[in-house]
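Scroll down for the structure; my scribbles are underneath it.
Laboratory data are not the source of any read-out in this text; all were calculated from the coordinates shown. Nothing here was measured: the structure is a model prediction, and the numbers come from that model. Counting neighbours? That spans all protein chains shown, and the Cβs are built from the backbone with ideal geometry, glycine included.
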Amino acid sequence: MNVFILFSLFARAFTEGESATRYHIIPRPVQLVPAEGEFTFNAETRFLIPKGTEDMKRATGSLAERLRVAANLDLKVEEYETFPTEETKNVVILKLDDTIENKEGYTLSIKESQIISTGKLPQGCFHGLTTVRQLLPPQIESKAPVADITWQVPQCQIVDYPLYSYRGMMLDVCRHFTPKEGVKRYIDLLAYHKMSIFHFHLTEDQGWRIEIKKYPKLTEIGAWRSRANSLYNENDDNSVGRQFVQLNEPYGGFFTQEEIKEIVAYATDRFIIVQPELEIPGHVTAALAAYPELGCTGGPYKVITSWGIFSDVFCAKDTTFQFLEDVWDEYAALFPGPMYHMGGDECPKGRWTSCQHCQQRIKDENLRSTSELQAYFVRRQAAHLAKLGKRLIGWDEIMEGGLADGAAVMSWRGTHGGTQAAKTGHDAVMTPMSHCYFDFAQATSNQNGNETNEEGFVNPNGRGMNSFSNAITLQHVYGFEPCPSSEKDENVRKHIIGGQCNVWTERLPAQSNIDYNVFPRMASMCEALWTNKERKEYDHFQDRLNEIIKAYDVLGINYCKMQLKKLPVP
């Protein structure tokens, strides 16, 4: 009998014993059967993996590293040819099982003398060990050895798999630059929450953040601007704002290709796909500052120091398309993932209207409007990416003028665009501003007396600011459904592959600000995208979250406390 069916026969009877304090797992598993007792890690514990499976060794990596650093347990990883018997004690066994239907699905058996993490693929085994990581004492996240801790996890049987395959988080490193170690930290936290996609927003008006060897001026010129953030002014109470206003030297940064490879390898070790973005044809002023011949006017251009939508865009001349193909070619050598993001959003068309090169392109290609010229840009990128073995994905504006064959849509202006794309057989990722823009405030009402102001919401100690009037609360995120249960069209349901949250950094100049806007909402979103509706209980989630934030504390995450469930006074 399929193990998923077997566990389902017993799961309902044990639900009441699924203590949120004892089994503080986020996202909540599909099925969990509790049991008495614990498994204890010690110096003699071993990892056992099938012989000749390097990816299975990789699946042990994050848990093994946490045990080595925090618990001071340098555990061996050994191979087996025959699956170990129950007589094999004090082991964590990884196993592959083709009968598991979901490619990320796993079962986890925690008994007194054995932990068995079984997946259809190594990624599922990794998810199982991530669950073990969450069940360990929160001190397991320490960056230094912690004494006098018994490293135990509670016994249980778990069956688990995600509701959606695409569970994404985007990070904008252009408005404010996040260095390599900060990006790696972000990726590790995605893996901790069982997310699957890291959307890497690398190019913008305010900075070009990736080395392209054929075009060195992109980082020599395009990665730097004259001041960090013109949003702040000298009368702002925010100390970070005053610091940036007073910064006269160039502000910015970029990733070398070696650093990109390191980031991608780090993500791969955690079974996270890095999905890079190259903004086309708008939001490109930093590129134009480096290579003005790519614009309609020829410049001069400067890297933008403010926020908004800007009129200068890529010109539809042959040199531009050659440039873009060259950049994609260098991307392809760095990012092994299946989909590349081309932006496509917020592209003003005024320059095209008055540009002889663009008007000639419209005539030569039998296009009827500048909207169709935008679609032409999209189709050319999709065609070149197909030659590289990649699929194009873009913001929902790429649908204007006709959607390119095989392209996927990221629906941010609500979910209508994604639904329309799905109806025509295109995959869609839902990322509406209403639920998924984590630069918006988490709350606008004062719940604990120290984290609001008249304009909305600030981080205590003056380290961050968010003055949006509308809030995206923890509970609101929890209720997000990329494909609502009311949708009956199976073709639509099949093509809505998941959701994504976006972290735009105009108002988030430092890691502490990003933390404050992302957490604990990432926990809420990961459960929205992973856990089936029947298992989603917001009150139970909050009880588990109150345990998970103990790990956040050890990790040094500057999370927002306003939406946390209040614990009873002893």
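Points worth noting:
- Acute angle (nearest 10 degrees) that the helix 318-332 long axis makes with the longest principal axis of the chain, alpha-carbon atoms: 20
- Solvent-free Debye calculation, one equal scatterer per alpha-carbon of segment 3-160: log10 I(q)/I(0) at 0.11, 0.12, 0.15 Å⁻¹ equals -0.40, -0.48, -0.76.
- Excluding same-chain neighbours fewer than eight residues apart, the lysines reachable from residue 143 by a Cα-Cα span under 16 Å are 184, 550.
- Three principal axis lengths of segment 360-443 [C-alpha, angstrom, descending]: 52, 29, 24
- Annotation: Cα Rg of segment 253-315 relative to the compact-globule expectation 2.2 N^0.38 Å equals 1.45.
- With a threshold of 30 Å on the Cα-Cα distance, the over-threshold entries among 89/566; 488/536; 390/536; 95/423 are 89/566; 390/536; 95/423.
- Other residues lying with their Cβ under 14 Å from the Cβ of residue 152 contribute a combined charge of -1, Lys and Arg counting +1, Asp and Glu -1.
- Taking Lys and Arg as +1 and Asp and Glu as -1, the other residues whose beta-carbon sits under 14 Å from that of residue 88 total -2.
- Per-residue Cβ neighbour rank within 10 angstrom, fewest leading, 131, 85: 85, 131
- DSSP-defined antiparallel bridges as percent of all bridges, segment 166-531, nearest 5: 25
- Among 436, 60, 123 the positive-end extreme of the charge dipole of the chain (Cβ point charges): 436
- Normalising the average separation of contacting C-alpha pairs (under 8 angstrom, six or more residues apart) by the number of residues puts the relative contact order of segment 3-160 at 32 percent.
- Candidate aspartates and glutamates - alpha carbon under 13 Å from residue 533, same-chain residues fewer than 8 apart omitted: 481
- Estimated 222 nm signal from helices in the chain, with DSSP H stretches of n ≥ 4 weighted -39500 (n - 2.57), rounded to 500: -9500 deg cm²/dmol
- Cα-based equivalent ellipsoid, the chain: semi-axes from gyration tensor eigenvalues, Å: 42, 27, 23
- A cut-off of 5 Å between modelled amide H atoms, ignoring neighbours fewer than 5 places along the same chain, links residue 39 with 153, 155.
- Around residue 338: net Lys/Arg minus Asp/Glu count, Cβ-Cβ under 13 Å: +1
- For the chain, the longest principal axis of the Cα atoms and the long axis of helix 180-192 meet at an angle of about 50 degrees.
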